[in-house]
Amino acid sequence: MNAKRAMVVAFLTLLCATTTQARIKLVALPERAATVIRLDNPSATLIEEERVLTLQKGLNKVDFSWKGVQIDEDSIRLQMLEHPADVTLLSVSYPPGESALVWEISSGGDFAETVRISYLLSNIDRLITYKAVANKPETLVDLKSYLVLRNFSGEDFAKARILLDYGEAFEQGISHEETKQMLFLNDPNAPIRKVWKFDAATLPWDPTKLENQNVGIPVSYEITNNKAGGLGGFALWGGKARIFQQDGHGGTIFLGEDNAALVPVGEKMELYIGDSRDIVVTQRKMREAQISIRRNNSEQVVLYDTDEVITAKIENFKDSPAVLTMIQHIPGQWDMEECNMKYTKKDAGTLKFEIELPARTEKGPAVKELTMHYHRRNVRP
Amino acid sequence: MKRLISSLGVLTVVAGVAQAKVDLTTLPSRDTVQLTIYNSADMTLARESRALTLKTGANALQFSWENTLIDPTSLEMLPKANADQIDISELVYPPRVKNLGLWNVQSKVSGKVPVEITYLTSGLTWRAFYMGTLTQDEKTMRLQAYVRVTNNSGEDYENAQVRLIVGKVHILDQIAELAQRQYPYGRPGEVRPLALPAPMVEERQKALGRVRALAESAIAKPKEIVKEGLSEYFLYTIEGTETIPNGWSKRLLSFDIDGVPVINLYKFEEERYGSSVTRFLSLKNDEAHKLGQTPIPDGILTVYRSADEQKHLSYEGRSSFKYIPVNEAVELDLGAVADVVVEPNLIETRTDNYRFDNNRNISGWDEIQVFSVQVRNTREVPAKVEITRNFAGPNWDLKRSDEVGSFEKVDLDTVKFTVELSPHSKQVFGYTLTTYHGVRAQEPSKKSR
C-alpha cells in the first residue's frame, strides 16, 4: 500500500512507560504482507490487510491512524494470526480529534506477530454492467458482463487480491480516482424469450382517444439464469444492461437498455428494451350495470352486483408472429360469466392472458378480440 | 472525425513501468465509420474500423475523446481477425486524466490487426417530415417523405454511412449526460445532475467552407433509402456515404409517391373539438394506397392542394401524425373548418316514468330528448362526416328516427353516426335519446343492453 497521499496506516508502537496525555510515538512502519479488497457485499467494501507487528512481552500500544480516507471506525478489527493464545487485544481507545485508534495489546513474549486488520472503507466499490447482443431472429443473446472497479477512496492499491461473492480471487491494482472495466462473464449463446406485455392498469385503453400518439406495448427479453442458458453458476448481480441486435450486415443496432435486478440461480432476468408500436390494443368497456340490487327500508341501495362487459381488440401489424401477455384487473369479489380466451389468475384481482398473434397478412393486421363478461359481487355503494 | 480518438495509438508496455510513462509507437488511421442515429432519444451508435499494429505480448491502447459527446462507458473494441489470439482484457480510465482511456490488450500475434470500435454518442438527431399535395378534386395526394439529419455532436463526420432507427427505445441515462461526467462511471455514492448538451456554435464557421465544397460536387440523383425491420424498430440505410459537418443538417428524400387515394373525413364531437367541424385526411398505409412497404415514422405533414392548371398551390393545413404501422389507417388532423357544418338541434324534451320512494320523494325518472342533426357540405368535393355523441353514463336507449347514414355504438356511453355527402349538399337525421335516472337505471327491463 502506497501511503503517499492518504490513509497513512501508520503504526506507532507506543512506549507505555507513562500514562500521561503526551503520546510519545515510536514509529515502526510495518510492511504490509497482503491486502484483500472484498466486494462481495454491494453495500460496503471490506479491506483486509496483513502486517507484521513487533511486540514486546507485556503491554504494547499500537496506534492506527489514517488521513484523507473514510474508514468506519467501528468496523476496525484486529486479528492475531500467529500467536492468538499469547497475544490478546485488551482495549481500543480513540484519541480526541484524530482519525486514529490505539490498540492496547498484551503479549506473552517478544513476537513479530502477523496481524490482519479489517475495516470498511468508503468510496471504493464495484458495478456490474451487461452487454447483450441478440441474434437477428431474437432467440439467443451473446451475454457479456463487465466488472467495473471504482476507487475514489483516497488510497492507491498497487496490488491487491480482489474477492467477489463467488469465483476465484484475482490480483489487481487500482489507484485512487481510477476506474477499471474488466470482462468477467461471457456467455455466447444464452436463449432468450421476447415478451410483449399490455397491462390494462398502466396503459391507455383506447388509442383513438389520444391525439396523434402511439401507445407503445412494452417489449422485454427474458434470460433465465440456469445451466441451459450457459449460466446458473451464481446469482447475476444487478446492473445496467445494454442490449444490441445483429443487423444482418455485420453490424449491430442498439435496442435499448434497462437496469437488471439481482437474479438468483433459476430465476429470470427481465430486460425492458423498448416499445412496440406495431401491436395495437383497443380496450373498451361496453357494459356496466347494477344488478341484484338490495335496498334498505328507506329504499336506499345497500348492496348490488354488477354486470360488466369489456372488449379488447388486439391487432398485430408486424410481419412476424408474437405472443402478447395481457394483464386485466377486476377488483374485489367477482366471477366470470363468459370469457372467450383462456386466462390464469395471478392473484385474486389479476388475470393473465397469453394471446398468440399470427403475423399480418396482405389483407391486413392479424386481429384477435377478447371479450370478458363478468360480475362483481356484493358491492356496497 | 478529427478530434475523436485522435490520440489513438498502440503503446507497448514495459514491464514494471507505470502506464502513464509508456511511449506512443503508432497512430492508426480510421478506415470507415457508420452512424446509426435514433430519433426517440438523443443517441447515435457509431461503429468505426481501424487497423492497429500490435506486438506480441502486452499492448496498451490509448484513446481520448475530448470535446465530443461520446459516452465512455459504451466504448468497445473487438478484433475483426485473430479474435482467439487477442485478448482485450480490460479498459482502464486512469486517475486525474480527463477524457482518456487505456485498453490493455494481450496479443499472441504481431502486425496489423483490424479492429472495430463502437460507442454511443449524442448530438446527432434526425426527424421525419412530410409534404402532401392534394389534387384539385382531393381524391388523391402526392406524399413526399423526408428525413432531416442534424449534427451537433462536436464532430465532423466525413464519408460516414448513415443509418436511421425508427422506434421507441428504452434508455436509462441521457448519453449527453454520460458524456459530460467527470468520471465515466461516476463516483461511489454520488448523485448525478442532469446536464444537457451545448451546441458547439464556433465549429459552424469552420464547417461552412467544407459544406460549400461538398455542395459543388453534389450528385444529381437523390440517394435511395433502404428500409428494413429489426426487432421492434425499422432501420433506414441511406445509400452511399454522407458528410455532415458539425452544426449542419441535411435533408434527404425518403419516398415520393403520387396518387395516394385519400378520403376527406370530417369529424364532429363537441366534447373533443368544440362546435366546429374538424377536417381530417384519411388514408391507410397499405398497398391499395400505394404504400404499405414499411411503417411510416411520426412527423409533421404539411398539406397543399393544386389550386389551378398552372400548378399553383394553396395551403390546406398542417398535421402532426403518429407512427403508422403497415396496414394501419391514419387520420390526419388538418384543423377546424367552416365549410362543413354539423348542427345538432334538440327539438323536443320531456320526462316520464317517475318513481317515488317510501317518503313519496322522487327516486327515478326517464328523460326523453329528440334530436335532429343537420349536416351541410358547402364544398365542391364530397365529404364523409362522422358525428360522435357522448352520454353521461351507460343508462340510456337510442332510437333512430330514420336510416340516414350509418350508426355504431362505440362503447357504453359513446355512439357514432356516419354520413356521406356529395358536393353542395345537406342531410338531416334524427334520433330519440332516453336517459334513465335514479332507480329507473336499475330496472333492467327498461333499457337496452
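Obtain the nm distance between the two label points defined at residue B:83 and residue A:171 by a simple spin-label model: each point lies 7 Å from its Cα along the Cα-to-C-beta direction.
Taking the simple label geometry, residue B:83 and residue A:171 are separated by 3.1 nm.
Please name whichever of A:167, A:232, A:191 sits farthest to the positive end of the charge dipole of region A:149-234, dipole taken about the Cα centre and charges placed at Cβ: Lys and Arg +1, Asp and Glu -1.
Going by the charge dipole, the pick is A:191.
Between residue B:308 and residue B:49, what is 0.36 nm times their sequence separation minus the Cα-Cα distance? Round to one decimal in nm.
Extra length from residue B:308 to residue B:49 when fully extended: 87.8 nm.
Take residue A:259 and residue A:295, extend 7 Å from each Cα along the Cα→Cβ direction, and tell me the distance between the two endpoints in nm.
5.5
Other chains near B:388-401: what is the mean number of their Cβ atoms within 10 Å of each residue's Cβ?
Mean number of neighbouring Cβ atoms from other chains: 1.
Sum up the charges of everything whose Cβ sits under 11 Å from the Cβ of residue B:298, counting Lys and Arg as +1 and Asp and Glu as -1, but leave residue B:298 out.
Computed value for this residue: +4.
Looking only at A:147, A:185, A:90, which one moves most when chain A is put into a Gaussian network model with springs between Cα atoms under 10 Å?
With Cα springs under 10 Å in chain A, the top fluctuation among A:147, A:185, A:90 is at A:90.
Quick one: order A:194, B:98 by neighbouring beta-carbon count within 10 Å, fewest to most.
Ranking A:194, B:98 by Cβ neighbours within 10 Å, fewest first, gives B:98, A:194.
Please give the residues of region A:337-354, grouped as numeric ranges, whose backbone N is less than 12 Å from a label point set 7 Å along the Cα-to-Cβ vector of residue A:268.
Flagged as within label range: A:354.
Roughly what would the spin-label model give for residue B:345 and residue B:282, points 7 Å off Cα along C-beta, in nm?
Modelled inter-label distance: 2.7 nm.
Need the full-extension length gain, residue B:425 to residue B:443, defined as separation in residues times 0.36 nm minus the C-alpha distance. One decimal, nm.
Full extension from residue B:425 to residue B:443 adds 2.2 nm.
Cα centroid distance between region B:73-114 and region A:205-282, in Å?
29
Cut-off 10 angstrom, C-alpha nodes, Gaussian network model of chain A. Which of A:246, A:172, A:290 fluctuates the most?
With Cα springs under 10 Å in chain A, the top fluctuation among A:246, A:172, A:290 is at A:290.
Counting Lys and Arg as +1 and Asp and Glu as -1, what is the net charge of the other residues whose Cβ lies under 9 Å from the Cβ of residue A:123?
On the way: positive: A:150, B:187; negative: A:125.
Charge balance in the 9 Å sphere: +1.
Please report the base-10 log of the normalised intensity I(q)/I(0) for chain B, using a Debye sum with one equal scatterer per alpha carbon and no solvent, at each q in 0.08, 0.10, 0.12, 0.13 (1/Å).
Each listed q maps to, in turn, -0.69, -0.87, -1.05, -1.15.
Determine the shape class of region B:288-350: with a ≥ b ≥ c the square roots of the Cα gyration tensor eigenvalues, call it rounded for a/c under 1.5, and otherwise prolate if a/b is greater than b/c, oblate otherwise.
oblate
Could you tell me which of rounded, prolate or oblate describes chain A, using a ≥ b ≥ c as the square roots of the eigenvalues of the alpha-carbon gyration tensor, with rounded for a/c under 1.5 and, failing that, prolate when a/b is larger than b/c and oblate otherwise? Working shown, then result.
Numbers: a/c = 3.90, a/b = 2.22, b/c = 1.76.
Verdict is prolate for chain A.
Along the Cα-to-Cβ line of residue A:325, 7 Å from the Cα, sits a label point; which residues in region A:203-235 have backbone N less than 11 Å from it?
Answer for region A:203-235: A:219-223.
With +1 on the Cβ of every Lys and Arg and -1 on the Cβ of every Asp and Glu, and nothing else charged, how large is the dipole of the protein assembly as shown about its Cα centre, in debye rounded to the nearest 20? Don't skip to the answer; put the middle values down first.
Numbers: 101 positive and 110 negative charges, 131 e Å.
With only Lys, Arg, Asp and Glu charged at Cβ, the dipole is about 640 debye.
Just check the protein assembly as shown against the gyration tensor rule for me: Cα atoms, a ≥ b ≥ c as the square roots of the eigenvalues, rounded for a/c under 1.5, and otherwise prolate or oblate depending on whether a/b exceeds b/c.
Since a/c reaches 1.5 but b/c is at least a/b, the shape of the protein assembly as shown is classed as oblate.
Can you put A:346, A:144 in order of Cβ neighbours within 10 angstrom, beginning with the fewest?
Ranked by crowding around the Cβ, least crowded first: A:346, A:144.
So the label point goes 7 Å from the Cα of residue B:359 along Cα→C-beta, right? Which residues of region A:287-316 then have their backbone N under 12 Å from it?
From region A:287-316, the list is A:298-300.
Work out the charge dipole of the protein assembly as shown with +1 on the Cβ of Lys and Arg and -1 on the Cβ of Asp and Glu about the Cα centre, then indicate which of A:134, A:81, B:349 is farthest towards its positive end.
About the Cα centre, the residue reaching furthest to the positive side is A:134.
Cα axis of helix B:202-216 to longest principal axis of chain B: angle in degrees, 0 to 90, nearest 10?
80
Please give me the summed charge of the neighbours of residue A:369: other residues whose Cβ is under 10 Å from its Cβ, Lys and Arg +1, Asp and Glu -1.
After counting each charged neighbour, the total is +1.
Order by neighbour count: B:370, B:166, fewest other Cβ atoms within 10 Å first, most last.
In order of increasing Cβ crowding within 10 Å: B:370, B:166.
Per the Debye formula with a single identical scatterer at each Cα and no solvent contribution, what log10 I(q)/I(0) holds for region B:340-446 at q = 0.13, 0.20, 0.21 Å⁻¹?
Those come out to -0.56, -1.02, -1.09, one per q.
Quick one: among B:365, B:65, B:126, which has the greatest mean-square fluctuation in a GNM of chain B with alpha-carbon springs under 10 angstrom?
Looking only at B:365, B:65, B:126, the biggest GNM fluctuation is shown by B:365.
Laboratory data are not the source of any read-out in this text; all were calculated from the coordinates shown. Keep in mind that this is a model prediction, so the values were computed, not measured. We place every Cβ from the backbone using ideal geometry, glycine too, and count neighbours over all the protein chains shown.
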